[in-house]
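Structure first, commentary second.
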Amino acid sequence: MSAKIKYTDEDLGELEIIPDFLPPPEELAYKEDTVKVTIALSRASVEFFKEEARKHNTQYQKMIRRLLDVYSSSCRQLAAKRESGHVGKRRPGETQR
């Protein structure tokens, strides 16, 4: 066991009050709008996500959902850039520079 903390009645010096930066509880309890789907994934993919989820103390389904969210968001942003003429289409196998 670690050493016991000894509290004293010392002067704390000059204190600074900072603005409240924490989100309200209703924002912490945010529930995403989700849709249940059935999908067949390869055994190797599921095993990978389960192993990684154990390492990070989370649920593998949440990791897969987050991966799909990031991927779809990235694709949407790229499509918007293409529509506005800021990015050209890549050919299959071509890497981004």
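A short reminder: the numbers here are calculations on the coordinates, not readings from a lab. Computed from a prediction, not measured in an experiment: that's the story for all the values here.
Our coupling estimate for the stretch 71-82, obtained by passing each phi through the Karplus curve with A = 6.51, B = -1.76, C = 1.60 and θ = phi - 60°, is 4, 5, 5, 4, 5, 4, 5, 5, 5, 5, 5, 5 Hz, Gly and Pro reported as x.
Taking 0.36 nm per residue of sequence separation and removing the Cα-Cα distance, the D20/L67 pair yields an extension gain of 13.7 nm. Expressed in Å, the radius of gyration and Dmax of the Cα atoms of the stretch 41-83 are 13.5, 41.
For the pair T38 and Y7 in one chain, pulling the backbone fully straight at 0.36 nm per residue adds 5.5 nm over the alpha carbon distance.
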